[in-house]
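Accompanying notes for the structure given below.
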Amino acid sequence: MSQDNICHCQLPQLQSSTNAATVLKHKRTLEDNLIGQKLDVGNMVVLRFTKPESQRNDSRKPSQACIAAHSANFKVSSFCESDPIRSSTIGPAPLIKTSQMLGYDMEDGSMSAGLRTEQKGLPIHVEILKSYANGLGLRDADHYLWVDIIPNRHCEFARAAAECILDKTLPQLRYIGFVKKEFLAKVQEAISATVYQHWDDSTESGPKTRPQEAESSEPLGFKVLSMSANGDITWPDSVTTRFPPDTSEFKALDAKRQKFLELCPAHGTPAQASVSRSSARPDYSIDNGAEPLDTTRLLDLPGVPTAEFTAQRQGR
């Protein structure tokens, strides 16, 4: 990791299907691995939640311990001015209702304690993304890259990143996630739904359905379908071949064709073929049938020296 990187690590939470000794064991394993990678684990961050008022028997914890680790090779990190480092807290942000969780069974209302603890909802993940960006002084040309190495099965950081990019609260955000193959299809479907919903709600989008034209009570008639080369009105065969012969549409069109032929019978005059442009050669003949000189013949006329001329030059 460089000076411009930070590792947000959410430590295991105690829930009904685990015990405190197991949670502590996993916590120490994570810390040992971070230290083994030469990361400074001294910045502890508390992720705070608010529970829905309608679920008074909600047993989920109101907070979660996190580590904001940075490279031990640098004394100061570029994220030292971000909100989680300065205040050691993120939130509070609302937890998702159990009935709104993905994978919740509405019929029997069953969901394991591990799944309820794992899925916290998009508002919390949006708050985490914004919290680390606050205080960095990001400019429009900067890139705020978030790499999700161990995403949960619903990839909530990816969906939260899509919301932050679409609503332009974090236009510099870029997301990379290592999603398991069995979860990829549902994650892509959820992100696509978010994008389409944003476009439907946008003032720049067009109507969801095209406006339909008012139906006319007058039947649509054929005035001019096609014309032959002679200027005669003809019935185009391409209209009839649009439907199979045994369909009602074909029979209706064929009836119209018969009526059309009664009103506009074919004249039967074949169209005149277009005359191609004639080609010719220049006429080099002379009057009275004399042939022109052979221009290919080489004439070698004898030369006469100037001193042998006996006639006086003209013009002197």
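Starting from the Cα gyration tensor of region 1-93, take the square roots of the eigenvalues, sort them a ≥ b ≥ c, and report rounded, prolate or oblate (rounded when a/c is under 1.5, otherwise prolate if a/b is larger than b/c, else oblate).
Taking the square roots of the gyration eigenvalues as a ≥ b ≥ c, region 1-93 is oblate.
Of the GluC sites (Glu not before Pro) found in region 1-88, those that fall in a DSSP loop while having at most 10 other beta-carbon atoms within 10 Å are Glu53. Our note on the geometry: Cα centres of region 146-213 and region 1-68, 26 Å apart. Here's the list of lysines a cross-link from Lys168 could span, going by alpha-carbon distance under 20 Å and ignoring same-chain residues fewer than 8 apart: Lys130.
Take each peptide in 65-77, 143-155, 247-259, count the other Cβ atoms within 10 Å of every residue, and average; sorted highest first, the result is 65-77, 143-155, 247-259. Computed from label points 7 Å out along Cα-Cβ, the spacing between Ser112 and Ala21 is 2.2 nm. Sorted from greatest to least, the principal axis extents spanned by the alpha carbons of region 135-183 come out as 37, 19, 16 Å.
Can you say what percent of the DSSP beta bridges in region 1-151, counting only those with both residues inside, are antiparallel? Round to 5.
Numbers: 11 of 15 bridges.
Among the beta bridges of region 1-151, antiparallel pairing accounts for roughly 75 percent.
Spin-label pair Asn73-Gln10: with each label point 7 Å from Cα along the Cα-Cβ axis, the two points sit 3.0 nm from one another. The dipole here belongs to region 1-93: it is taken about the Cα centre, uses +1 on the Cβ of Lys and Arg and -1 on the Cβ of Asp and Glu, and is about 320 debye.
Each reported figure results from applying straightforward, stated rules to the coordinates on display, with no laboratory input. What you are looking at is a predicted structure, and each value in this text was computed from that prediction instead of being measured. Every residue, glycine as well, gets a Cβ built from its backbone with ideal geometry; the counts of neighbours run over all protein chains shown.
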